[in-house]
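Student: First, the structure itself, so that you have it in front of you.
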Amino acid sequence: MAPTPLVPGPDHPITVEPTGHHVTVSVDGRRIAASDSALTLREASYPPVQYIPIADVDPEVLRASDAHTHCPYKGDASYYDIVVDGTERSDSVWVYREPYPAVADIVDHVAFYADRVTITVGV
């Protein structure tokens, strides 16, 4: 039986909006993603997260991982490892392939752990 999605509200707000700026993601100085179509997801008291269209990510650096997690507000997440110059950063990218309706805009977008990559907004 599939879990029942929780709906964002005053006790756990979630918004998804166009970032409105150019967003780049790099690893050790190598740009691995660049987009003018990123979305900013703000959830409760967590830091904002940039969701970038997967089409704007270099597919050569992504390797599917076996990791999966569940968020009661967003759905089931799958992960990718980042492999750059032979160095692997395990489970550094996540995607909600079938996000819950409240965050449906993030379908076909990926997010990166900010402590494993450099994310630049507006440059």
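The values are calculated or read from the model by the stated rules, or taken from the named source; none is laboratory data. The shown structure was predicted, so the numbers you read here are calculated from the model rather than taken from an experiment. Please note: Cβ atoms are built from the backbone with ideal geometry, for glycine as well, and neighbour counts cover all protein chains shown. Note: areas computed on protein heavy atoms with side chains; ligands, DNA, RNA excluded. Shrake-Rupley method; radii C 1.70, N 1.55, O 1.52, S 1.80 Å.
Student: Only residues that are more than 14 Å from the chain's Cα centre (by Cα) and open to solvent by 100 Å² or more (accessible area, probe 1.4 Å): list them for the stretch 27-45, please. Can you show your working first?
Tutor: Kept after step one, since they are more than 14 Å from the chain's Cα centre (by Cα), are these residues of the stretch 27-45: 27-31, 36, 44-45.
Passing the criteria: Asp28, Arg31, Asp36, Ser45.
Student: Further question on the same structure: Mind listing whichever residues of the stretch 69-95 are closer than 17 Å to Glu17 by Cβ and without any contact (Cβ under 8 Å) to a residue 24 or more places away in the chain? First the steps, then the outcome.
Tutor: First pass over the stretch 69-95, keeping only residues closer than 17 Å to Glu17 by Cβ: 73-74.
Selection gives nothing.
Student: Moving on to the next point. Do we have any residue at all in the stretch 50-68 that's open to solvent by 20 Å² or more (accessible area, probe 1.4 Å), modelled with pLDDT under 95 and in contact with a strand residue (DSSP E or B) (Cβ under 8 Å, 6 or more places away or on another chain)?
Tutor: no
Student: Give me the residue from the stretch 60-82 that is part of a strand (DSSP E or B) and of a type in the set (A, V, I, L, M) and, out of that set, nearest to the chain's Cα centre (by Cα). Break it down stepwise before answering.
Tutor: Kept after step one, since they are part of a strand (DSSP E or B), are these residues of the stretch 60-82: 62-71, 75-82.
Now restrict to residues that are of a type in the set (A, V, I, L, M): 62, 64, 67, 77, 82.
Values: Leu62: 13, Ala64: 14, Ala67: 14, Ala77: 10, Ile82: 13 Å.
Ranking the candidates gives Ala77 first.
Student: Out of the residues in the stretch 46-59 meeting the condition of being without any contact (Cβ under 8 Å) to a residue 60 or more places away in the chain and not in a strand (DSSP E or B), tell me which one is nearest to the chain's Cα centre (by Cα).
Tutor: Ile54
Student: Let me confirm something: among Ala114, Ala102, which residue is aliphatic (A, V, I, L, M) and in a loop (DSSP other than H, G, I, E, B)? Don't jump to the end; show me each part of the working.
Tutor: Values: Ala102 fails: in a loop (DSSP other than H, G, I, E, B).
Of Ala114, Ala102, the one residue that is aliphatic (A, V, I, L, M) and in a loop (DSSP other than H, G, I, E, B) is Ala114.
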